[in-house]
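A.B. asks: Can you read through this structure? Questions will come right after.
The values are calculated or read from the model by the stated rules, or taken from the named source; none is laboratory data. In this text, all values refer to a predicted model and were calculated from it rather than measured experimentally. Here Cβ is always computed from backbone atoms with ideal geometry, including for glycine, and neighbour counts include all displayed protein chains. All accessible areas refer to the heavy atoms of the entire protein, side chains included, with ligands and DNA or RNA removed. Shrake-Rupley method; radii C 1.70, N 1.55, O 1.52, S 1.80 Å.
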Amino acid sequence: MVDTERPTSDGNSLVVCFGEMLIDFVPTVGGVSLAEAPAFKKAPGGAPANVAVGIARLGGSSAFIGKVHDDLIFFIFLELLVGEDEFGYLLTDILKQNNVDNSGVRFDPSARTALAFVTLRADGEREFLFFRHPSADMLLHESELDRNLIKQARIFHYGSISLIEEPCRSTHIAAMAAAKESGCILSYDPNLRLPLWPSADAAREGIMSIWDQADVIKISEDEISFLTGGDDPYDDNVVMEKLFHPNLKLLLVTEGSDGCRYYTKQFKGKVPGVKVKAVDTTGAGDAFVGGILNSLASDFYLHEDEERLREALLFANACGALTVTERGAIPALPTKEAVLQVLMGITA
């Protein structure tokens, strides 16, 4: 039983997100391949940045640490001119406009801000095409790390893309160490993007190299299969024996529209999804992560109380569901009011 006299927060609810921020180009129509898309809509994205904005949209406190280009005017021609912008400043302004602390963002004069073309084909499969050889986010040096910002955090959140290349990999490891030393909860979303890794083996090794340091991990069904060498992602024994390390407090498995599963040392279960008409699934997982981290940041012992955890996960599922009803990641992230309205419709 949870000690109800124990405070749920010490007043610090800052979530610091580390990693990549980029420009997503999403087709103006759905159900087509990248080659078939007639035109693209420019949308800010990047998983850690999505999470930071998602938390702020919900009324939480968040900050982002990463690197972008400082003066990029980039022309992209398919059949039509799709975008022309100073993307680095655009992205930092997006953070500021959404009340995300961007003081940890650094600028690189030589490398471009990363770009990604992403679409959901008619068969339901997503396609990605990345431009980052190298991109500015890969060139964040340890000397540029805002350690004071990390020390202020309740939760430090990160993915695996920042582990692919140096110097960002060493910076990522140093940031995790600083967060751990200051008592942060470490939150990890592997966010597997195989085309960015040298090989599947390199991806598996890189993702697992920091696995046992996280307190909270969010993973998808496909990622379970990949990391376990093809094991059944729905088998609780597979999840607990191969992925639930001894120091882990909470492991979450997202199942798209079907909701999510949760695993702790004391209990496990499933929370159903929120049904909506999907337009673009980009950013849904990040919205989910933002939802649950926002709850965890203000309720430190959430993972110890199954009833409160289930309520928080239903909220997070609704965050993900609302995000798929619009195109792009950051533009589609919901407010707390929008999520609560959807949940009221479910319980009414």
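A.B. asks: One residue is enough: does the stretch 121-141 have a residue meeting the conditions within 23 Å of THR254 (Cβ to Cβ), in contact (Cβ under 8 Å) with a residue 12 or more places away in the chain and in contact with a Cys (Cβ under 9 Å, 6 or more places away or on another chain)?
C.D. replies: First, the residues of the stretch 121-141 that are within 23 Å of THR254 (Cβ to Cβ): 121-128, 130.
Checking which are in contact (Cβ under 8 Å) with a residue 12 or more places away in the chain leaves us with 121-122, 126-128, 130.
If we keep only those that are in contact with a Cys (Cβ under 9 Å, 6 or more places away or on another chain) as well, we get none.
No - not one qualifying residue is present in the stretch 121-141.
A.B. asks: Next up: Quick one: in the stretch 207-265, of everything that is over 23 Å from CYS184 (Cβ atoms) and of a type in the set (Lys, Arg), which residue is surrounded by the most Cβ atoms within 10 Å (Cβ to Cβ)?
C.D. replies: ARG261
A.B. asks: Determine which member of the set ALA178, ALA203 is part of a helix (DSSP H, G or I) and under 20 Å from LEU293 (Cβ atoms). Write out each step before concluding.
C.D. replies: Numbers: ALA203 fails: under 20 Å from LEU293 (Cβ atoms).
Unique residue meeting the criteria: ALA178.
A.B. asks: Restricting to the stretch 113-167, and then to whatever is among the acidic types (Asp, Glu) and at pLDDT 85 or above, can you tell me which residue is surrounded by the most Cβ atoms within 10 Å (Cβ to Cβ)?
C.D. replies: Just the residues of the stretch 113-167 that are among the acidic types (Asp, Glu), to begin with: 123, 125, 127, 137, 142, 144, 146, 165-166.
From the residues that got through so far, the ones that are at pLDDT 85 or above too are 137, 142, 144, 146, 165-166.
On the way: ASP137: 27, GLU142: 15, GLU144: 16, ASP146: 19, GLU165: 17, GLU166: 11.
So, considering only residues that are among the acidic types (Asp, Glu) and at pLDDT 85 or above, the one surrounded by the most Cβ atoms within 10 Å (Cβ to Cβ) is ASP137.
A.B. asks: Right, something else. For LEU196, all conditions in the list (1) within 21 Å of ILE173 (Cβ to Cβ); (2) modelled with pLDDT under 95; (3) loosely packed, with under 14 Cβ neighbours inside 10 Å hold save one; what is the number of the exception?
C.D. replies: Unmet condition: (3).
A.B. asks: Continuing with the same structure: Could you check, for the stretch 265-284, whether at least one of its residues is among the aromatic types (Phe, Trp, Tyr) and either on the phi > 0 side of the Ramachandran plot or part of a strand (DSSP E or B) (or both)?
C.D. replies: Here is the first cut: in the stretch 265-284, the ones among the aromatic types (Phe, Trp, Tyr) are 267.
Those still in the list that are either on the phi > 0 side of the Ramachandran plot or part of a strand (DSSP E or B) (or both) too: none.
No, that holds for no residue.
A.B. asks: Within the stretch 133-170, can you find the residues that are under 16 Å from SER103 (Cα atoms) and not in a helix (DSSP H, G or I)?
C.D. replies: Of all residues in the stretch 133-170, those under 16 Å from SER103 (Cα atoms) come to 137, 140-153, 156.
Answer for the stretch 133-170, where residues must be under 16 Å from SER103 (Cα atoms) and not in a helix (DSSP H, G or I): LEU140, HIS141, LEU145, ASP146, GLN152, ALA153, PHE156.
A.B. asks: Checking ILE346 against (1) over 15 Å from the mean Cα position of the chain (by Cα); (2) closer than 30 Å to PHE25 by Cβ; (3) among the β-branched types (Val, Ile, Thr); (4) open to solvent by 10 Å² or more (accessible area, probe 1.4 Å), which single condition isn't satisfied?
C.D. replies: (2)
A.B. asks: Okay, next question. Return yes or no: is LYS218 in a strand (DSSP E or B) and either over 18 Å from VAL51 (Cβ atoms) or in contact with a Ser or Thr (Cβ under 7 Å, 6 or more places away or on another chain) (or both)? Write out each step before concluding.
C.D. replies: Values: in a strand (DSSP E or B): yes; either over 18 Å from VAL51 (Cβ atoms) or in contact with a Ser or Thr (Cβ under 7 Å, 6 or more places away or on another chain) (or both): yes.
Spelling it out, LYS218 is indeed in a strand (DSSP E or B) and either over 18 Å from VAL51 (Cβ atoms) or in contact with a Ser or Thr (Cβ under 7 Å, 6 or more places away or on another chain) (or both).
A quick yes/no check of all residues on (1) among the hydrophobic types (A, V, I, L, M, F, W, C); (2) surrounded by 24 or more Cβ atoms within 10 Å (Cβ to Cβ); (3) free of Cβ contacts under 8 Å to residues at least 60 places away in the same chain; (4) under 21 Å from GLN341 (Cβ atoms):
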site: VAL279; (1), (2), (3), (4): yes, no, no, yes
site: PHE288; (1), (2), (3), (4): yes, yes, no, yes
site: LEU296; (1), (2), (3), (4): yes, yes, no, no
site: PHE300; (1), (2), (3), (4): yes, no, no, no
site: GLU307; (1), (2), (3), (4): no, no, yes, no
site: GLU311; (1), (2), (3), (4): no, no, yes, yes
site: ALA318; (1), (2), (3), (4): yes, yes, yes, yes
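A.B. asks: Any chance the stretch 81-94 includes a residue that's of a type in the set (Ser, Thr, Tyr) and modelled with pLDDT of 85 or more? If you could, list the steps in order and put the result at the bottom.
C.D. replies: Keep residues of the stretch 81-94 that are of a type in the set (Ser, Thr, Tyr), which gives 89, 92.
From what is left, the residues that are modelled with pLDDT of 85 or more are 92.
Yes, some residue in the stretch 81-94 is of a type in the set (Ser, Thr, Tyr) and modelled with pLDDT of 85 or more.
A.B. asks: Can you tell me how many residues in the stretch 49-68 are over 14 Å from the mean Cα position of the chain (by Cα) and assigned to a helix (DSSP H, G or I)? Please lay out each step first, then the result.
C.D. replies: Within the stretch 49-68, the first condition is being over 14 Å from the mean Cα position of the chain (by Cα), and the residues that meet it are 57-61, 67-68.
Now drop any that are not assigned to a helix (DSSP H, G or I), which leaves 57.
Number satisfying all stated conditions: 1.
A.B. asks: Within the stretch 27-48, restricting attention to residues that are within 24 Å of TYR158 (Cβ to Cβ) and assigned to a strand (DSSP E or B), which residue is farthest from the chain's Cα centre (by Cα)? Give the derivation first.
C.D. replies: Going residue by residue through the stretch 27-48, those that are within 24 Å of TYR158 (Cβ to Cβ) are 43-48.
This time we only want the ones that are assigned to a strand (DSSP E or B), so: 43-45.
Values: ALA43: 16, PRO44: 13, GLY45: 10 Å.
Only one residue fits best here, namely ALA43.
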